[in-house]
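Q: I have a structure I would like to understand better, so I am pasting it below and will then ask my questions one at a time.
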Amino acid sequence: MSLTYMTESTELLEKMLFDMYEQKTPDYIKNRKLINFDDKNEISFILRKEYLYPYDEFQNPEGLGLLDWFAEYEKEARVSTAGIRGPQNILYPTDTRFPINAIGIIIATLAKALVAKEKYPNKELHKLAACEVRYNSQLYLDLISRVQAALGITTHVPSHRDTIPIWMASFLVFKLDLLGGEYITSSHGISVKNATKDLNNQGSQYLPEESMAFIEKIKEIFSIVEETGSYEIKLAAEDSSYIDEHLMEQLNNGVDLYVDYLKNGVANAENLESIKSIQNRVIIENVGGSAYKTLSKVLMKLGISNEFQWFNKEESPFFHGIGKYSKDPDGRETFYDYSADATVVKQHRDGSVFMPVIETMNYEKKLKDKPIGTVVLITDPDHDRLTIVQVESKERANELSKLGIQYIPLNGTRLLAVYSANQAFLMIMDFWTKQLKAKGLFDNHPRFIIKTTASSMAWDEWAAKEGIKVVNVPVGFKEIAGIMKKVEKQISENPEKEVIIRDVFGEEINLGVNPRMIFGGEESGGMIIGAEELIRSISGRIAIAMREKSATEAIVVASALVGHIQKYDLNLADYLSELFSKNNIIARFDVREDISYYNESEPDIDKLKAAKREGEQRRIDNDLFYLSLAMAKRENLMSMNAVRNILNFTFPQLDFSNLEDIKFVGDGTYLKFSDKFIEIRPSGTDAKTKAYGGGHDRDEIVRYANALANYSGSRNDVYNKYIRDEYYNNVKEASLDTYQKWSDEGMPEENFVVPDYSQTLKY
């Protein structure tokens, strides 16, 4: 199927998806009437003992298999980096054979609500609930609101139940001192996946221990069902006074407060003027459409909306066909979804590189009349990630390649330069730092950045040149938020004392007295800018930065950068090249290899579960091979010479003679060479193994990343000389304990005080 045909056949592709689910859903599920979702009055859902066990036409026709569902749900809760995600039956949302389903949403919401009620007895509790555009998201939003309302928890929902971005939900939870939030999304994942991204009172994503608290509560509920035969779960009426749209209506769905926040940060007068000077309007590629209702209002209030053009204003749970194909990577005829992650890079069988998500955006047609230099800012459905692309002349192809910039052809004379987040964010933090220096603000505080270990080595090199400290953390924005909290604790308790943080590499980093964060970000496209003046909630809590990545912050500062460089007739590649040269950046290249183990869009649940089991085992085997080496080295059970011997034997096509260290980094294994790094980690959000690399030789990094990521994990004779079965079998649990100790070290104790909302929420 040609790309042109494919992009023009979105309706046919979506119909293919729907037909697959319709055909593969058994009649007993289609005909099952567990809850009347159309009944807007107060109702009860009776959780019966029969529901816990699998369906059997004769022995248990009411079976839902909830114990099996929960076993998988609990497993995901222990490792997920941003919500407990999974596929769903998009046509029949009560299908409990799938990880995400309406019944599971009800049970999990009930458990979280009960934990909150027990933790804060006799308190008036307020939470926020919102969503993006994915299939069944509005239904899940309704169920969450009604379950919480039935327990007396006021749930604030957007006016008219509009979609809002995840960063807005996070911002409002912190700013309004709410108990937490429930945000329905699967971020950049495939369109049939969904999840709830649980937000705590900081607006941060749940840490594992927070997730496990409600997991234990689900166990209690199921035990009661086992003992008594049933458990009543009430759902409040849709018009319950505990389901509140009024507050969000008064707050313009948070836009007014957020604009004030931006004006004190990236939307300063200089940046706004820079954006207004842009010669060719910046295009916002609004994947899924769910950013438009919020971001358009933000840009309007900032007075810069005329400088932008929109692709995809309308909302689409199918994401306008972006990332969707009628063939899988092996060429088989089937519906296949590469996700909404615009940075995904794949190889054809002949070895040639292509970008499957970008290539479904139909830019050859959409950008044909746009001049060279036009910038497109691509967001994901929950609007927390940003990818930057720019129209360039074909004559620049070699120059882009030398800089490590991916590109795709648009027509005979033009191409589209696609900047990785590693490249884009390096430019953004450099630009922001220059602004602070120009204003004479930079030296007012010691400066630092927080980055994930998988992010570019170039960030570390640049920071060293600028005298900026670097704190490395595991993958996931909750890890970045965790460091923020540790820094804030030390600033609050000892404002005149140096702040010292231990990063995930085990390094103690002195951030200085009363430091400020320049930037927090990760290679997957999420970032936040630190505040000069500490951010305060209504009740006076402080923050050095917001807790969730924001594509809006990225859009504002990236657009200001575009306006700035246009004054000098430069494109982004010119800025990046100059940045590399001035800072003597050696590690100019970065790669990410995603190894997908199965098709998560598969509607046949038996095939899906079988493929998932097989894929997860392959992912586990790959992970344990490297993890065991890193942990054994950490515990002084193995020397680096032994590690090198094992790896040289396992990968004879690679050279490990300059491997300096191997480290467990919270969720993966980091191999530090004298001239590069390779990190191997099992994805916490997708059915993938991910390999990251950075250094000065792109081809070499790709070779290492591909070989290590695709390895079966088989234990050979040399490996077995050093790693015994007992150690191997227990190393994952040991690594989780190690991570937990690091995560807990220096973390402030839970001290959230429920405010008097009658006074604080007077809007």
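Please treat every number below as a calculation from the coordinates, not as lab data. Since we're looking at a predicted model, the values are computed, not measured. Don't worry about glycine lacking a Cβ; one is built from the backbone with ideal geometry, like all the others, and counts go over all protein chains shown.
Q: Counting only residues 5 or more places away or on other chains, whose amide H sits under 5 Å from the amide H of ILE243 once H atoms are built in the peptide plane?
A: Those lying under 5 Å, H to H, from ILE243 are THR155.
Q: Here's another thing I want to ask about it. What net charge is computed for the residues neighbouring ASN444, neighbours being all others with C-beta under 12 Å from the C-beta of ASN444, Lys and Arg scored +1, Asp and Glu -1? Write down the numbers at each step before the final one.
A: On the way: positive: LYS437, LYS439, ARG447, ARG516; negative: ASP443, GLU532, GLU533.
Summing Lys and Arg as +1 and Asp and Glu as -1 gives +1.
Q: Another question, if that's okay. Spelling out what I want: for every residue of region 281-296, take phi, set θ = phi - 60°, compute 6.51 cos²θ - 1.76 cosθ + 1.60 (Karplus), and round to whole Hz; glycine and proline get x.
A: 3J(HN,Hα) across region 281-296, in whole Hz: 3, 6, 9, 9, 8, 8, 4, x, x, 7, 7, 4, 4, 8, 5, 4.
Q: Something else now. Cross-link list LYS40/LYS175; LYS75/LYS607; LYS402/LYS690: which exceed 22 angstrom alpha carbon to alpha carbon?
A: In this structure, LYS40/LYS175; LYS402/LYS690 exceed 22 Å between Cα atoms.
Q: Let me ask something else about it. Report the label-to-label distance for GLN347 and LYS117 in nanometres (one decimal), using points 7 Å from each Cα along the Cα→Cβ vector.
A: Simple spin-label model gives 5.6 nm for this pair.
Q: Given only helices, namely DSSP H runs of n ≥ 4 each adding -39500 (n - 2.57), what is the per-residue ellipticity at 222 nm of the chain, to the nearest 500 deg cm²/dmol? Could the numbers behind the result be given before it?
A: Numbers: 25 runs with 298 residues, N = 763.
Helix contribution divided over all residues of the chain: -12000 deg cm²/dmol.
Q: Whole Å is fine, so just give me how far the alpha carbon centre of region 515-540 lies from that of region 251-265.
A: Region 515-540 and region 251-265 have Cα centres spaced 15 Å from each other.
Q: Using the Karplus curve 6.51 cos²θ - 1.76 cosθ + 1.60 with θ = phi - 60°, work out ³J(HN,Hα) for each residue of region 150-160 in order, rounded to whole Hz, and write x for Gly and Pro.
A: Computed from phi, the couplings for region 150-160 are 5, 9, x, 9, 5, 10, 8, 10, x, 4, 6 Hz.
Q: Going by the alpha-carbon gyration tensor, a ≥ b ≥ c the square roots of its eigenvalues, is the chain rounded (a/c under 1.5) or, if a/c is not under 1.5, prolate (a/b greater than b/c) versus oblate?
A: Cα axes put the chain in the rounded bin.
Q: What is the calculated FRET efficiency for ASN751 to ALA610, with r their C-beta to C-beta distance and R₀ = 45 Å, to the nearest 0.05?
A: 0.45
Q: Which residue, chosen from ILE480, PHE442, MET546, occupies the Cα position most advanced towards the positive end of the dipole of region 427-571, where the dipole is computed from +1 (Lys, Arg) and -1 (Asp, Glu) charges on Cβ about the Cα centre?
A: Toward the positive end, the furthest listed residue is MET546.
Q: In sequence order, what are the phi-derived ³J(HN,Hα) couplings for region 119-124 according to the Karplus relation 6.51 cos²θ - 1.76 cosθ + 1.60 with θ = phi - 60°, rounded to whole Hz, with x for glycine and proline?
A: With the stated coefficients, region 119-124 comes to 6, 10, x, 6, 10, 7 Hz.
Q: Please arrange LYS469, LYS297, LYS368, LYS123 by how many other C-beta atoms lie within 10 Å of their C-beta, fewest to most.
A: LYS368, LYS123, LYS297, LYS469
Q: Can you give me the distance in nm between label points at LYS402 and ASN36, each placed 7 Å from the Cα along the Cα-to-Cβ direction?
A: About 7.2 nm separates the two model spin labels.
Q: Report, in debye and to the nearest 20, how large the dipole of region 436-510 comes out about its Cα centre when Lys and Arg carry +1 and Asp and Glu carry -1 on their Cβ.
A: Working: 12 positive and 12 negative charges, 51 e Å.
Using only the charged Cβ atoms, the result is roughly 240 debye.
Q: What does the charge dipole of region 275-428 about its Cα centre add up to, to the nearest 20 debye, if the Cβ of each Lys and Arg holds +1 and the Cβ of each Asp and Glu holds -1?
A: Computed charge dipole of region 275-428: roughly 480 debye.
Q: Also, I was wondering about something else. What whole number of Å gives the distance from the Cα centroid of region 273-326 to the Cα centroid of region 192-211?
A: 27
Q: Can you tell me what share of the DSSP beta bridges in the chain is antiparallel? A percent to the nearest 5 is fine.
A: Of the beta bridges lying entirely in the chain, close to 70 percent run antiparallel.
Q: Is the shape of region 618-665 rounded, prolate or oblate, going by the alpha carbon gyration tensor and its root eigenvalues a ≥ b ≥ c, with a/c under 1.5 for rounded and a/b larger than b/c for prolate?
A: It comes out oblate by the Cα gyration axes.
Q: Still on this structure, I have one more. Over 29 Å between Cα atoms: which of LYS582/LYS672; LYS30/LYS549; LYS15/LYS366 fall into that group?
A: Result: LYS30/LYS549 exceed 29 Å.
Q: Name the residues whose placed amide hydrogens come within less than 5 Å of the amide hydrogen of LYS197, ignoring near sequence neighbours (fewer than 5 apart) on the same chain.
A: Here the answer is TYR183, ILE184, THR185, since their amide H atoms fall under 5 Å of that of LYS197.
Q: Now for a different question. Going toward the positive end of the dipole of region 254-418, with +1 on Lys and Arg Cβ and -1 on Asp and Glu Cβ, which of VAL418, THR343, TYR261 do you reach last?
A: Of VAL418, THR343, TYR261, it is VAL418.
Q: Another question about this same structure. Mind checking which of LEU671, LEU141, GLN617 is farthest towards the positive end of the chain's charge dipole, using Cβ charges of +1 (Lys, Arg) and -1 (Asp, Glu) about the Cα centre?
A: LEU671
Q: Mind listing the long-range amide H neighbours of TRP310? Cut-off is under 5 Å, sequence gap 5 or more, other chains count too, H placed in the peptide plane at 1.01 Å from N.
A: ILE284
Q: Quick check: from the Cα gyration tensor, does region 424-549 come out rounded (a/c under 1.5), prolate or oblate?
A: rounded
Q: Could you check what % of the DSSP bridge pairs in region 424-549 are antiparallel, to the nearest 5? All intermediate terms of the calculation are to be shown ahead of the outcome.
A: Details: 10 of 20 bridges.
The antiparallel proportion sits near 50 percent.
Q: Next question, about the same structure. Taking the Cα centre of the chain as the origin, how large is its charge dipole in debye, to the nearest 20, when only Lys and Arg (+1) and Asp and Glu (-1) carry charge on their Cβ atoms?
A: Result for the chain is approximately 1220 debye, rounded to the nearest 20.
Q: Residue separation times 0.36 nm, minus the C-alpha to C-alpha distance between GLN138 and GLU245: what's the value? Write down the numbers at each step before the final one.
A: Values: separation 107, 0.36 × 107 = 38.52 nm, distance 1.45 nm.
Roughly 37.1 nm would be gained on extension.
Q: May I ask you to sort THR374, THR334, THR10 by Cβ crowding, counting other Cβ atoms within 10 Å and putting the fewest first? Mind dumping the intermediate values first?
A: Working: THR374 21, THR334 14, THR10 18.
Listed from fewest to most nearby Cβ atoms, that is THR334, THR10, THR374.
Q: Taking the alpha-carbon centroid of each part, what is the distance from region 140-173 to region 33-103 in angstrom?
A: That distance is 21 Å.
Q: Can you sort ARG349, ARG78, ARG592, ARG547 so the residue with the fewest Cβ neighbours within 10 Å comes first? Can you show the working numbers first?
A: Numbers: ARG349 8, ARG78 13, ARG592 22, ARG547 25.
By the 10 Å Cβ count, ascending: ARG349, ARG78, ARG592, ARG547.
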